[in-house]
1. Which count do you get for residues in segment 71-98 that are more than 27 Å from ASP125 (Cα to Cα) and at pLDDT below 80?
2. Name the residue that is surrounded by the fewest Cβ atoms within 10 Å (Cβ to Cβ), counting only residues in segment 67-76 that are of a type in the set (A, V, I, L, M, F, W, C) and closer than 13 Å to GLU89 by Cβ.
3. Can you confirm whether segment 120-143 contains a residue that is modelled with pLDDT under 75, touching a strand residue (DSSP E or B) at 6+ places or on another chain (Cβ under 6 Å) and surrounded by 12 or more Cβ atoms within 10 Å (Cβ to Cβ)?
4. What pairs come up if the first residue lies in segment 164-178 and is assigned to a strand (DSSP E or B), the second is β-branched (Val, Ile, Thr) and surrounded by 19 or more Cβ atoms within 10 Å (Cβ to Cβ), and their beta carbons are under 9 Å apart, counting only those six or more places apart or on different chains?
5. Among the residues of segment 55-74, write down those that are in contact (Cβ under 8 Å) with a residue 40 or more places away in the chain and not polar (S, T, N, Q).
6. Here is a list: THR16, THR59, THR30. Which entry is under 25 Å from ALA152 (Cα atoms), β-branched (Val, Ile, Thr) and modelled with pLDDT under 65?
7. Hey, can you tell me all the residues within segment 36-51 that are in contact with a strand residue (DSSP E or B) (Cβ under 7 Å, 6 or more places away or on another chain) and among the basic types (Lys, Arg)?
8. Considering segment 15-35 alone, what residues qualify as being polar (S, T, N, Q) and in contact with a strand residue (DSSP E or B) (Cβ under 8 Å, 6 or more places away or on another chain)?
Amino acid sequence: MSAIDTHLSIVGSAATEAGCVLRWLSEDDTRAFAVRLAALPGLRNAFIALHGELGVGKTTLVRHLLRALGVQGRVKSPTYAVVEPYEIEARADAAAPGAPANQAGVLSVWHFDFYRFGDPREWEDAGFRDLFASPGLKLAEWPEKAAGQLPAADLDLYLAIGDRDGDARNVTLRAGTPHGQGMLQELCP
């Protein structure tokens with residue numbers, strides 16, 4: 001049993017419309033959560049918004065998630081580029097039930113970081129509407145900087161420092177769509 005499983009029963013709550021709260025005591029717990037998230041069939045076409053102050057671990061979570069999905073090589077932060085795209089050879093067992101065989105082949109993932117957005121209109125200028133309309137996983141840090149432009153997130157993850165030493169994280173998960181509600185029920189105890 002990992003530390004995340006051990007502490008879910010203490011801090012976690014049943015999945016409801018309000019969501020649930022998890023406590024990660026270390027980066028190992030972040031990695032364990034990323035592995036659980038990567039295993040969800042609904043992740044293939046999800047939009048996950050990551051909220052939290054600088055240095056709280058949003059990019060670390062994305063790196064662990066991308067590794068769990070099979071990304072090899074360097075995983076860069078998109079702080080300056082705004083978006084980093086990935087094409088991942090998806091496992092056959094990761095395809096959605098009933099999906100055509102070719103959907104098991106490649107998973108498109110876009111990791112956005114809107115921290116440097118000064119004007120939500122930059123969203124249109126960059127062509128992000130088309131990316132969000134296409135199939136694949138979208139992960140967005142600092143979604144509030146693209147206010148009014150983004151679709152509703154399937155899952156919103158709110159990360160906060162959870163102790164004085166700065167190692168623990170309190171993570172609130174909230175579903176913003178029916179698709180996200182299904183994912184939330186699998187992630188929360």
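1. Qualifying residue count, segment 71-98: 11.
2. Selected residue: VAL71.
3. Within segment 120-143 (the criterion being modelled with pLDDT under 75, touching a strand residue (DSSP E or B) at 6+ places or on another chain (Cβ under 6 Å) and surrounded by 12 or more Cβ atoms within 10 Å (Cβ to Cβ)), the answer is no, since none of the residues qualifies.
4. ARG169/THR30; ARG169/VAL56; VAL171/THR30
5. VAL56, GLY57, LYS58, LEU61, VAL62, LEU65, LEU66, LEU69
6. Details: THR59 fails: modelled with pLDDT under 65; THR30 fails: modelled with pLDDT under 65.
None of the other options fit; the residue is THR16.
7. Across segment 36-51, the qualifying residue is only ARG44.
8. Across segment 15-35, the qualifying residue is only THR30.
The values are calculated or read from the model by the stated rules, or taken from the named source; none is laboratory data. Because the structure is a prediction, the values reported are computed rather than measured. Please note: Cβ atoms are built from the backbone with ideal geometry, for glycine as well, and neighbour counts cover all protein chains shown.
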